[in-house]
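K.L.:
Let me give you the structure first, and then I'll get to my questions.
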Amino acid sequence: MTSIRCRGVLFDLDGVLVDSTPAVARVWAGWAREHGFEPDEVVKKAHGRPSIATIRELLPNADHAEEDREVERREIADVEGVVPLPGAKELLRALPLERWAIVTSCTRALAHVRIAAAGLPKPKHLVTASDVRHGKPDPAPYLKGAQMLGVPAGDCLVVEDAPAGIRAGKAAGARVLALRTTASEAELQQAGADWIAHDCAELFLDSSAAGEEFLHISRRTKQP
């Protein structure tokens, strides 16, 4: 990958811009033990999906709304170790505010808490689990993100770390750049990623194209 031309960028939050892995693992592992599930399996299953989707799958006869509220309450309360991932702040600050959006499986309340905890620029456009009926891997979140930017999904670049999110981006018709922050390279490839990078620190906005209709997202060449 040398340069990607797009009209808008749609970022996932957790695992792309924010490292919330310790907090997520603590909350879901505790929830799993309380319900008699294997913690590691539940943590992996929950990543990149709306919480309620995991709850419905594991507890088909439970009060899903109540369980979801409890998981959200615990996640909002636990921000220890929530930090920006390498290059995230720099890339967001370089991009014109109206040309990017965050598209996350978090609820709106939780997304605001994690964005603030990590010290990220406040997004003008934010799509959360609170805003769509169907979450990732359904294309609805990324279609809504593209709509907010006023750009066809096919002209957007999705930046993701989870297979469910990659599939959502591809189903929306976008091109997807996957980061190796969470899943293995094989899982990212299998989900359909168009490009793979280590993290946002490898990416930069080519300022020589400033003012054009298209953004040019390039990858830093590593020194030998």
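K.L.:
Accessible area per residue of the range 50-138 at 1.4 Å probe, in Å²?
P.N.:
Solvent-accessible surface per residue comes out at 49 Å².
K.L.:
Let me ask another. If N is the number of residues in the range 1-72, what value comes out of its Cα radius of gyration divided by 2.2 N^0.38 Å?
P.N.:
For the range 1-72, the normalised Cα radius of gyration comes out at 1.38.
K.L.:
Note down the nm distance, to one decimal, between modelled labels 7 Å out along Cα→Cβ at E57 and at S207.
P.N.:
4.3 nm
K.L.:
Which value results when the Cα radius of gyration for the range 105-224 is divided by 2.2 N^0.38 Å?
P.N.:
Taking N as the residue count of the range 105-224, the ratio is 1.09.
K.L.:
When the label point is put 7 Å from the Cα of A109 along its Cα-to-beta-carbon vector, which residues of the range 65-88 have a backbone N closer than 11 Å?
P.N.:
Hits in the range 65-88 for A109 at 11 Å: 69-77.
K.L.:
Accessible surface of I217 in the full protein assembly, 1.4 angstrom probe, to the nearest 10 Å²?
P.N.:
Roll a 1.4 Å probe over it and I217 shows about 10 Å².
K.L.:
Can I ask one more? Summarise the accessible area of the chain (1.4 Å probe, protein heavy atoms) by the percent that is carbon and sulfur.
P.N.:
Percent of accessible area from carbon and sulfur atoms in the chain: 50.
K.L.:
Next up: What does the helix-only formula give at 222 nm for the chain: each DSSP H stretch with n ≥ 4 adding -39500 (n - 2.57), the total divided by the residues, and the result rounded to the nearest 500 deg cm²/dmol?
P.N.:
For the chain, the value works out to -11500 deg cm²/dmol.
The values are calculated or read from the model by the stated rules, or taken from the named source; none is laboratory data. Being a predicted model, the structure only gives us computed values, none of them experimental. Glycine gets a Cβ as well: all are built from the backbone with ideal geometry, and neighbour counts include every protein chain shown. Just the protein is used for accessible areas: all its heavy atoms, side chains included, with ligands, DNA and RNA removed. Shrake-Rupley method; radii C 1.70, N 1.55, O 1.52, S 1.80 Å.
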